[in-house]
Amino acid sequence: MAAKKGSRSRSAPSRHRGLGFLFWICLAAIAVAVGVAAQKPLKAAFSQLGGKPPAAAPAQQAPKVTVAPLTDGEQRQKDRPGAPAAPAAPADRRPQANPAEKTQPIPPERPAIRKARLYFASVDQAGKIQLKSVIRPIPSSDSPLRDTLEALLKGPSSQEMNLGLVSMIPTGARVRNVTVSGDTAVVDFTESFRFNPQGLEAMDAQLRQVVYAATEFPLVKNVQIRIEGATVRYLGTEGMRLDAPLSRSSFPN
């Protein structure tokens with residue numbers, strides 16, 4: 001019995017020593033963990049105590065801002081007491097164009113003008129008809145002979161009428177077509193050109209007006225007159241021949 005009591009008393013202290021060893025190991029581990037966690041705050045505290053500021057994180061680069069100058073209107077708005085702040089102008093704001101610098105519209109081109117010699121009639125007190133020429137500016141085109149004859153058929157201008165000039169060509173006559181073959185101009189008129197109620201002398205002056213105006217062109221020596229596309233034998237019913245080309249020499253002086 002005494003031997004058993006002595007063995008129990010020796011084993012109890014050894015267990016106490018094992019538990020104590022484990023306690024100190026856990027305490028040391030906790031101390032190490034706390035020291036690692038507090039390392040950075042302690043360094044910062046020690047740096048401040050030593051007069052050195054803690055290392056700061058790298059600062060981000062500030063964005064570049066371009067400030068545009070205020071316009072006259074914005075400056076006045078800004079200087080006015082109690083005026084609300086004007087919005088900042090964008091960095092890429094472009095100056096406004098001056099209205100005075102706007103491109104002026106190009107006026108339309110005027111048609112080219114050339115001078116044409118036209119022939120009209122002058123009647124004296126005795127009733128005798130004579131031709132007189134006038135120089136008139138008319139629009140120029142690629143058909144100058146037709147332009148001249150159409151201007152002739154329109155009759156004299158008001159200024160020319162004040163000079164006593166008239167036309168013996170019937171007012172309803174129109175030019176249908178004009179062609180040139182060699183030295184002969186073929187002029188096609190409407191039916192109204194064929195009938196002149198003023199008599200033979202007026203018919204003679206009517207043909208002279210056309211032939212003289214057409215032969216003002218150096219290449220034209222003769223004029224063949226047609227009516228509605230066909231060659232007719234007489235002008236009217238009184239015997240003025242139209243079936244052959246006419247020239248200035250076809251008319252007696």
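Quick notes on this one:
- Considering residues of segment 227-253 that are at pLDDT 90 or above and among the polar types (S, T, N, Q) only, the residue surrounded by the fewest Cβ atoms within 10 Å (Cβ to Cβ): Ser249
- Test for Ala151: is it at pLDDT 95 or above, surrounded by fewer than 20 Cβ atoms within 10 Å (Cβ to Cβ) and small (Gly, Ala, Ser): yes
- Selection status of Arg194, touching a strand residue (DSSP E or B) at 6+ places or on another chain (Cβ under 6 Å) and either charged (D, E, K, R) or surrounded by fewer than 16 Cβ atoms within 10 Å (Cβ to Cβ) (or both): yes
The values are calculated or read from the model by the stated rules, or taken from the named source; none is laboratory data. All values reported here derive from a predicted model rather than from experimental measurement. Don't worry about glycine lacking a Cβ; one is built from the backbone with ideal geometry, like all the others, and counts go over all protein chains shown.
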